1. Normalised by the residues of the chain, what does the relative contact order come to in percent, with Cα pairs under 8 Å and at least six apart?
2. Net charge within 12 Å of VAL203 by Cβ-Cβ distance, Lys/Arg positive one each and Asp/Glu negative one each, not counting VAL203 itself?
3. Can you work out D for the chain in µm² s⁻¹ from Stokes-Einstein, where Rh is the Kirkwood radius over C-alpha pairs, the temperature is 20 °C and the viscosity is 1.002 mPa s?
4. What is the Cα convex hull volume of region 105-255 when expressed per residue in Å³?
5. Comparing PHE67, PHE59, PHE261, which has the greatest mean-square fluctuation in the GNM of the chain with Cα pairs linked when under 10 Å apart?
6. How much net charge surrounds TYR217 when only other residues with a Cβ under 13 Å from its Cβ are counted (Lys, Arg +1; Asp, Glu -1)?
7. For Cα pairs less than 8 Å apart in space and 6+ apart in sequence, what is the mean separation divided by the residue count of region 86-233, i.e. the relative contact order in percent?
8. How many percent of the accessible area of the chain is carbon or sulfur, using a 1.4 Å probe?
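The values are calculated or read from the model by the stated rules, or taken from the named source; none is laboratory data. Note that the coordinates shown come from a computational prediction; the quantities given were computed from them, not determined experimentally. Counting neighbours? That spans all protein chains shown, and the Cβs are built from the backbone with ideal geometry, glycine included. Side chains included, ligands, DNA and RNA excluded: accessible areas come from the protein's heavy atoms. Shrake-Rupley method; radii C 1.70, N 1.55, O 1.52, S 1.80 Å.
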Amino acid sequence: MKTGRMNLIKIEDLSFSYDGKKNFLENCSLAVGKKDFVSIIGRNGSGKTTFIKLLAGIFKPTGGKIFIKEKDISHYSPAELSKTIAYLPQNNISFMQGIKVSDFLLLGRYSSKKFFSFSFDSKDREVVANAMKICGTERYAENNFELLSGGERQKVLITLMMVQLDISSSLEDKILIIDEPLTYLDVNNQIEIFHLLSRLNRVNGLTIIVITHELNYAMKYTSKCALMDSGRIAEYDVPEKVINEETLKKHFLINSQIVSFNSNPLILYDTIN
């Protein structure tokens with residue numbers, strides 16, 4: 001897909017193997033432009049989480065190349081990469097006991113600290129305050145992280161990612177990669193999380209890549225959609241070209257009808273093939 005925006009991520013013929021013998025991912029290629037909001041969809045086991053772990057630098061490719069801002073990802077140091085890419089996994093932090101949210105968020109500043117520097121200064125606290133204000137999490141500042149609800153915790157974790165990327169500076173060449181942000185959340189919190197992500201993308205210029213099983217949200221909020229199937233990228237385009245009745249039947253094995261509700265596309269699921 002052609003775009004006038006700078007490609008923050010370019011992936012060429014990416015492959016990955018867990019055992020060094022059989023590829024779990026292969027021949028994956030795509031480009032993510034500056035300020036894109038990309039959803040990654042697909043059935044369980046299609047390779048979505050493995051794919052984004054490669055993009056985040058957690059796994060190393062078996063073959064192919066990943067370029068971040070036109071630089072091979074293997075040439076970044078972990079500290080350097082963490083200032084450009086923030087990765088929020090699905091099974092996120094659950095062991096933070098007895099720590100206030102404001103103190104917890106300071107942990108996002110470690111990537112900006114010098115080696116052996118364990119103290120936080122006024123700059124660190126300013127970044128945390130700005131991130132809480134922009135993400136709407138100021139009211140949780142004095143709460144214990146462990147006592148937050150699922151939705152509140154997810155908002156705070158997104159705030160942590162914004163602290164890591166330093167939301168006080170421009171986010172227009174930075175990337176948030178997030179795996180299934182809606183797990184265990186009720187509908188109200190699901191909508192709030194996607195509203196927050198959409199605002200960070202539209203207002204702050206943050207490039208976002210999100211794995212989601214909620215296809216209606218992918219159609220409503222994201223600007224591009226990658227459909228994965230059996231370790232390959234089967235489709236990559238604007239959501240309305242990727243998520244349609246034909247692809248849902250072919251790749252998800254379901255019958256469906258896509259209708260319009262308040263000028264937004266809405267998937268009505270029918271029977272399983």
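1. On the way: 495 pairs, mean separation 65.7, N = 273.
Computed over the chain, the figure is 24 percent.
2. +2
3. On the way: Rh = 19.5 Å.
D, rounded to a whole number, is 110 µm²/s.
4. Details: hull volume 21.8 nm³, N = 151.
About 144 Å³ per residue, rounded to a whole number.
5. Maximum fluctuation in the GNM of the chain, among the listed residues, is at PHE261.
6. On the way: positive: LYS220; negative: GLU180, GLU192, GLU214.
Combined, the nearby Lys, Arg, Asp and Glu give -2.
7. Values: 171 pairs, mean separation 41.4, N = 148.
Once normalised by length, the contact order is 28 percent.
8. Values: 6640 of 13610 Å².
So the carbon and sulfur contribution to the accessible surface is 49 percent.
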